[in-house]
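Structure record follows, encoded as structure tokens.
The values are calculated or read from the model by the stated rules, or taken from the named source; none is laboratory data. In this text, all values refer to a predicted model and were calculated from it rather than measured experimentally. Glycine also receives a Cβ, built like all others from the backbone with ideal geometry; neighbour counts cover every protein chain displayed.
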Amino acid sequence: MIETLRNAWKIVDLRKKILYTLMILVIFRIGTAIPVPFLDPSAMADLVKQGGNLLGFVDVITGGAFANATLFALSISPYITSSIVIQLLAVAIPALERLSKEGEEGRKKLAKITRYTTVGLALVQAIAYYFLLNNMGCLSYTAGFSGVFSAIIIISCFTAGAMLIVWLGEQIDVNGIGNGISLILFAGIVSRGWSVVTMMISLFQAAAQGEIRFAFIAVGIVILFVAIIAFIVVMNNAERRIPVQYAKRVVGRKMYGGQSTHIPIKVSMSGVLPVIFASSLLSIPGMIKGFTNPAAGSFWGSFLGAFDYNKPLYGILLFVLILAFNYFYIAIQYNPIEMANNIRKNNGAIPGIRPGKPTSDFIAKIISRVTLVGAIFLGIIAVLPIILTQITGVNISLGGTSIIILVGVALDSVRSLESQIMMRHYKGFLE
């Protein structure tokens, strides 16, 4: 990675792209420090510290902007949600499916639809957060004309901040390096790294005061953190290759085909999306609890409290939902019958497997096995910090979802740089 960055920095064009990307990320971090009027940052910080998987997850992906009551409090969550919704609807709605297959123009239209959907979701989410913060006592003005005016300002700032982040991400896509939205999410999570440093310092301070077990816990967390990163890198690069042999055919005076190739089936085909789906679904009880604020000893208080991040039920449901959503996402993205038909149309065949239904059944079986391995991998990484928190009693600030996002975005950015370097050093056929 360091060698790739050094080589990219030597190329003037790539150096400009890297500097432009860094400038956009700096603008994003400045936006996370611009306060929204009529909100009490201390009250919102206390609200996030009280727990609750919804607000804690929101604060992590916003890089602390939510707890600080700033302009980018919604971050890119409306855009991520709208992108997921449009991808799912592209499978169910024929008009959107046709757009997805129309090449560059179709993708532009889908991006425009996604952008409009983001505006609507950001507005709805901003309104929901306004009422939630109002119930929690985080607003300065809540009654009369002052309350209406403050509501309009807060909702407008939240919505405008979310759309500004989308625009910044698009500028990185056009003029920078890597995926803009992913890099903004990466920058937000990295900015939370200081909380991990603070946690480690507190553990060593406790060990210096005579609690030796905290020193072992701190060293164990560091070792486990490095092992998780290595495990994620290995699983992101792991793939199951299905061999394909193409028959020779003569067209005019030329002979085509005859070569052996393979279909790569990646273990982590779905990426971090199943984890985001599962976390979003399990955040609904926390949202309901925040809106209704039930009594501590009541039935609904105990029921909704069972879904808190630090409870065993949350970890179990998170693991099960990650498995389910991983299979669901792979099922709508990969069609074994279509893959088998494409192989047969190109005069290809899998060695030892007859064309047609046996080929599609074989591909479906391979995808099912690989999907299971990938789902278990995602589930373990996501649930492991919860288990460690229960065992050690130390709140692990950087969750498994955040680590998966960080490593995945870093690997994608390095691959993008490598492809850019290769493209500029490719001499072509004339030299």
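Working only within segment 151-181, note down all residues that are of a type in the set (Ser, Thr, Tyr) and buried (at least 21 other Cβ atoms within 10 Å of the Cβ). Show your work before the answer.
Applying the first criterion (of a type in the set (Ser, Thr, Tyr)) to segment 151-181 yields 156, 159.
Result: Thr159, single match.
In this structure, does Ile353 turn out to be touching a Ser or Thr at 6+ places or on another chain (Cβ under 8 Å) and outside any helix (DSSP H, G or I)? Break it down stepwise before answering.
Numbers: touching a Ser or Thr at 6+ places or on another chain (Cβ under 8 Å): yes; outside any helix (DSSP H, G or I): yes.
Criteria met by Ile353.
One line per residue, one yes/no per condition, for (1) within 24 Å of Gln390 (Cα to Cα); (2) modelled with pLDDT under 80; (3) surrounded by 15 or more Cβ atoms within 10 Å (Cβ to Cβ):
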position	(1), (2), (3)
Asn293	no, yes, no
Gly297	yes, yes, no
Gly305	yes, yes, yes
Leu313	yes, no, no
Phe319	yes, no, yes
Phe325	no, no, yes
Ile330	no, no, yes
With criteria (1) surrounded by 17 or more Cβ atoms within 10 Å (Cβ to Cβ); (2) modelled with pLDDT of 80 or more, Lys345 comes up short on (1)
Take the residues of segment 342-396 that are touching an Asp or Glu at 6+ places or on another chain (Cβ under 9 Å) and not polar (S, T, N, Q): which is nearest to Ser195 (Cα to Cα)?
Val370
For segment 300-324 the number of residues that are touching a Gly at 6+ places or on another chain (Cβ under 7 Å) and assigned to a helix (DSSP H, G or I) is 3
Conditions (1) within 15 Å of Ala73 (Cα to Cα); (2) without any contact (Cβ under 8 Å) to a residue 24 or more places away in the chain; number of the one not met by Ile165:
(2)
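Sort out which residues of segment 185-199 are closer than 15 Å to Leu22 by Cα and not aliphatic (A, V, I, L, M), and write them in order of number. Working first, answer last.
If we filter segment 185-199 for residues that are closer than 15 Å to Leu22 by Cα, which is where we start, we get 185-188, 190-191.
Of everything in segment 185-199, those that are closer than 15 Å to Leu22 by Cα and not aliphatic (A, V, I, L, M) turn out to be Phe186, Gly188, Ser191.
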Given Ile155, Ile212, Ile177, Ile232, which one is under 28 Å from the mean Cα position of the chain (by Cα), closer than 30 Å to Leu384 by Cβ and of a type outside the set (Gly, Ala, Ser)?
Ile232
Is it the case that segment 12-35 has a residue that's among the small types (Gly, Ala, Ser), touching a Ser or Thr at 6+ places or on another chain (Cβ under 8 Å) and at pLDDT 75 or above?
yes
Expected single match for surrounded by 14 or more Cβ atoms within 10 Å (Cβ to Cβ), within 30 Å of Lys365 (Cβ to Cβ), in contact (Cβ under 8 Å) with a residue 40 or more places away in the chain and of a type in the set (Val, Ile, Thr) among Ile232, Ile221 is Ile232
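Within segment 148-162, take every residue that is of a type outside the set (Gly, Ala, Ser) and either touching a residue at least 24 places away in the same chain (Cβ under 8 Å) or touching a strand residue (DSSP E or B) at 6+ places or on another chain (Cβ under 7 Å) (or both) and give me the one that is farthest from Ser413 (Cα to Cα). Before the answer, list the steps.
Filtering segment 148-162 down to residues of a type outside the set (Gly, Ala, Ser) leaves 148-149, 152-155, 157-159.
The next check asks that each one be either touching a residue at least 24 places away in the same chain (Cβ under 8 Å) or touching a strand residue (DSSP E or B) at 6+ places or on another chain (Cβ under 7 Å) (or both); those that pass are 153-155, 157-159.
Values: Ile153: 37, Ile154: 35, Ile155: 34, Cys157: 31, Phe158: 29, Thr159: 28 Å.
Ranking the candidates gives Ile153 first.
Give the number of residues within segment 90-125 that are among the hydroxyl-bearing types (Ser, Thr, Tyr), surrounded by 15 or more Cβ atoms within 10 Å (Cβ to Cβ) and at pLDDT 85 or above. Walk me through it before giving the result.
At the first step, the residues of segment 90-125 found to be among the hydroxyl-bearing types (Ser, Thr, Tyr) are 100, 114, 116-118.
From what is left, the residues that are surrounded by 15 or more Cβ atoms within 10 Å (Cβ to Cβ) are 100, 114, 117-118.
This time we only want the ones that are at pLDDT 85 or above, so: 114, 117-118.
Matching residues across segment 90-125 total 3.
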Read through the list (1) assigned to a helix (DSSP H, G or I); (2) modelled with pLDDT under 80; (3) in contact with a helix residue (DSSP H, G or I) (Cβ under 9 Å, 6 or more places away or on another chain), then give the number of the only condition that Thr389 fails.
(3)
